[in-house]
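Have a look at the structure below, then the notes.
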């Protein structure tokens, strides 16, 4: 019986640590040092990256991420990031998810963003993909979501 109690305690502690890590809560709330990469080299293989490109705000899309442990619900604005200066392409390799709403009168913007390179399921769903495809975009096989670091997150390099 004592072994079962130790096993349950160890499993509980492991689950709490995992939940804290997944939500980037204390003590995992520092940001990793992003690796600067070119647009064509950017991929989900790196944990955190900095990349420059041209944001396409032709379709205003957002998704609300529900409240998580220690964090309130947040609205993430979703848009494609194309190669710098490219306002004609419709083939998406990088989708950006960020808390800051793009300017209402801006259609295209050159910007540099830093964040976590994540698989599409982090912020994208079939409905959002369909919305972008309806606007003429299509998705590369290896497309990913760049979740921009929160504005109020502490600096750091873990």
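What follows draws every value from the coordinates through simple rules; no lab data is involved. No experiment lies behind these values; they were computed from the predicted model shown. A quick note on method: Cβ atoms are made from the backbone with ideal geometry, for glycine too, and the neighbour counts reach across all protein chains shown.
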* Structure fact -> Cα extents of the chain along the principal axes, largest first, in whole Å, come to 66, 32, 29
* Simple spin-label estimate for residue 14 and residue 104 in nanometres, 7 Å along Cα-Cβ -> 5.1
* Regarding segment 101-144, what are the three Cα extents along the principal axes, ordered largest first, in Å? -> 28, 27, 17
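Please give the contour-minus-distance gain from residue 86 to residue 74: 0.36 nm per residue of separation, less the Cα-Cα distance, rounded to one decimal in nm. Let's see the in-between values first.
Working: separation 12, 0.36 × 12 = 4.32 nm, distance 2.97 nm.
Result: 1.4 nm gained on full extension.
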* Structure fact -> With Cα coordinates, the longest principal axis of the chain makes an angle with the long axis of helix 2-22, in degrees rounded to 10, of 20
* **Förster radius 41 Å - calculated FRET efficiency between residue 1 and residue 62 (Cβ-Cβ, nearest 0.05)** => 0.20
